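Here's the structure we're looking at; comments come further down.
Throughout, read-outs are computed from the coordinates displayed, never taken from laboratory work. Everything numeric here is computed off the predicted structure, so don't read it as measured data. Cβ placement follows ideal geometry from the backbone for every residue including glycine, while neighbour counts extend to all protein chains displayed.
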Amino acid sequence: MTESNPTTLRAKALIGMVHVGALPGTPQSEDTIPMLAMRAVTEATLLADTGFDGVILENMHDRPYVHGRQQPQITAAMTRVAVEVASAIDLPLGIQVLSGGEHEALAIAQAAEAQFIRCENFVYSHVADEGLLAEAAAGALLRYRRAIGATNIRIMCDIKKKHASHAITGDISIEDCAHTAEFCGADGLIVTGAFTGSPTDPTDVDRVKAVAGVTVWVGSGVEPAQLGRLYEHADALIVGSWIKHEGLWSNAPDPKRCKELVVEAERVRV
């Protein structure tokens, strides 16, 4: 990582998602690890050059996901990718490993000197498309972070996570989820829509921000027309679908869309 790489995000940050290609051993895997790393570097560099404030690496192409402990080659490949991306850009970097790979993400972030990870099951149980997420991650994850000396890496936590049913916690409001996550040690909260690319309800962001003592991010469905309303209370916006060709998350980033979103973000910040 270059010495100028910042450790914190600017206020009202715009964070671009790099969906790393399918990793070794997953159903759609075709490319070598050097090819995966090269493509991720190209996409991350595009985001940096067009004015994004941060980048998240995520293994979304590994679908369908296996929840819990990830196979060694997943961690190894993501580490290679993360180190190369961190060396190529001067932006804060985050790591997410699907599904439930918070320990792996933390280890990868430490090796690559990334600044944060994303955790989808920090508190409460969920029923997601990969099955029952029965165990909350907070207790074991925070102990692991302490044990490996990675307390400088922030843990950003989804509440009422997307791609999941919340019938189990139907009597728990989004404010209650925010309070519990913060009580359990979350460094920040992420509010999303129901699925990847689905708009996040601005009212949900308002409700969480009203009770949260930590930073609040928006995690899905961000597009130019929404920026002004979302930035009223969100501290950062994660974008992974709209900036791709045709607005489809699995496509490559579209430079024109990337720049359009950045220009609009700068306008509404002012």
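For a distance above 15 Å, tell me the whole-number percent of Cα pairs in region 186-234 that qualify.
Within region 186-234, distances greater than 15 Å cover 37 percent of Cα pairs.
Nearest 5 percent is fine: what portion of the DSSP beta bridges confined to the chain is antiparallel?
DSSP beta bridges in the chain are roughly 20 percent antiparallel.
Can you give me the long-range amide H partners of Ile190? Hydrogens built in the peptide plane at 1.01 Å from N, cutoff under 5 Å, separation of 5 or more residues or another chain.
Those qualifying (amide H under 5 Å, at least 5 residues apart or on another chain) are Cys157, Asp158, Ile159, Trp217.
Can you list the residues, at least 5 places off or on another chain, whose amide H is less than 5 Å from the amide H of Gly54, using H built in the peptide plane?
Placed amide hydrogens put Leu14, Gly16 under 5 Å from Gly54.
Under a cut-off of 28 Å between alpha-carbon atoms, report the lysines in cross-link reach of Lys256, not counting same-chain residues fewer than 8 places apart.
Filter leaves Lys12, Lys162, Lys244.
Compute the signed sum of charges (Lys and Arg +1, Asp and Glu -1) over the other residues within less than 13 Å, Cβ to Cβ, of Glu175.
Cβ neighbours under 13 Å give a net charge of -2.
With Cβ to Cβ distances under 12 Å as the rule, what net charge do the other residues near Leu91 carry (K, R +1; D, E -1)?
Residues near Leu91 contribute -2 overall.
If we restrict to alpha carbons, what Rg and Dmax does the chain come to, in Å?
For the chain, the Cα-based Rg and Dmax read 17.0, 48 Å.
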